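What follows is calculated from the coordinates using simple rules that are stated; it is not laboratory data. No experiment lies behind these values; they were computed from the predicted model shown. Note that each Cβ is placed from the backbone with ideal geometry, even for glycine, and that neighbours are counted across all protein chains shown.
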Amino acid sequence: MLARDAARWDGRARGVYVTLQDIEPALLARAANRVVERAQQTTADTDVLRFRWLPIDLDPVRPAGISSTDIEHDAALASGAEVTRWLVGEQGFPAESIVQADSGNGAHVLVRIDEPADAPTRALIRRCLGALDLLWSTPMVVVDTTTANPARIWKLYGTTSCKGDATEDRPHRRSSVLHSPERIVVVSRALLERLAALAPEDRGASARRTGESLEIDAWLARHGIAVARTRPWQGGTLYTLDGCPIDDTHKRDRAAYVIMHPSGAISAGCHHARCQAWGWRELRERYEPAGTRARRDATNRNDDAPDDGGTGAPWSRAVAASVLLSEPDADVEWIARDIAAPGSITGLASPRGLARRT
């Protein structure tokens, strides 16, 4: 019945769509195996019982409401194939868990899962798509992060995508399944969590506690780290680097990134498996060690101190504790080794009654 009605509407509507996930069976009573035109009630997120698929939609960048060109379409299909290879080769997803499809305008990658449609899983799906967007969206093809909601509708394969009018350079195309395993296996939640972890979270609270603020553009330029492009990402700014600033042995495939989150917190990383041990802290330490930062920051603070007018005011002689702690110990002539030295500040303490002060 579905195939019959889909064939009847194919080419007449912009597209024919279905829901991907498990739906509350009682909803069948709204329209029992029949099509209702201009339905007043449709499937809501709360009607979904379980997630059966992680839906990855790679869409060519183009104006809304029109079909893709052959070049745009091919670029999306190539991206879908790359994402599939990466999920299997780098992230350990079973090849038998992935279905690859042509949406008619772009590429679909469907990963078989079996998870409850609860709030934690919804958040997990959003983070997975956020990670894929971070790592695989390009100026030509983007990962659609709006497919995370449980009731999201999806192209019914075999039907035609009819966005806008069909023209010579932007034709209507029939969607199709490109590859489906003979036996589909389910991806574990652990693998989903691993994928989601690649999307850095905005840890704004910790950034505010330290009072740290950096101009990332200037910092990257100062240290000669080339930026391939910048774009908005989840309310902040994503800097895609031209090469890996930590490991220059792998190809310059723009896998490394720095993110300025909306709160001002900073994240960094690289999506190569052997690079996943470093982040912003390691990157900054490599190019700007803590001791160097402390001396520079102290100099800046002293430069900002009020002029003492030659009076010898205390702040003119002040040195930041961070500088003292970062400097190597000087050679001194000890009065008592490692206890007291001439001109030093010394504190002695003992339990009551065990020592005398003279």
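Here are a few things to note about the model shown:
- Summing charges over neighbours of Arg50, with a neighbour being any other residue whose Cβ is under 13 Å away from its Cβ, gives -3 when K and R count +1 and D and E count -1.
- The calculated FRET efficiency for Tyr17 paired with Arg189, based on their beta-carbon distance and R0 = 22 Å, is about 0.20.
- For Arg4, net neighbour charge (Lys/Arg +1, Asp/Glu -1) across residues whose Cβ lies under 13 Å away: 0
- Neighbours of Arg170 by Cβ distance under 11 Å: Lys/Arg scored +1, Asp/Glu scored -1, total -2.
- With 10 Å bins beginning at zero, the pair-distance distribution over Cα atoms of region 130-287 amounts to 8, 30, 29, 19, 11, 2 %.
- Positive dipole terminus of region 2-196, leading residue within Gln40, Pro60, Ser176 (C-beta point charges): Gln40
- Separation in nanometres of the label points that stand 7 Å from Cα toward Cβ, at Asp114 and Trp9: 3.0 nm
- Annotation: extensible slack from Ser180 through Ala31 equals 50.6 nm (criterion: 0.36 nm per residue apart, minus Cα-Cα distance).
- Looking at region 156-189, the trypsin sites (Lys or Arg not before Pro) that sit in a DSSP loop and have at most 10 other Cβ atoms within 10 Å of their own Cβ are Arg183.
- At q = 0.19 Å⁻¹, base-10 log of I(q)/I(0) for region 112-201 (Debye sum, equal scatterers on each alpha carbon): -1.11
- For region 1-111, the relative contact order comes to 26 percent (Cα pairs under 8 Å, sequence separation of at least 6).
- Cα convex hull of region 2-196 - mean projected area over all directions, nm²: 11.2 nm²
- Residues Met140 and Glu282, FRET efficiency given R0 of 41 Å [Cβ-Cβ distance, rounded to 0.05]: 0.85
- Relative contact order of region 2-196, pairs being alpha-carbon contacts under 8 Å that are 6 or more residues apart, as %: 32 percent
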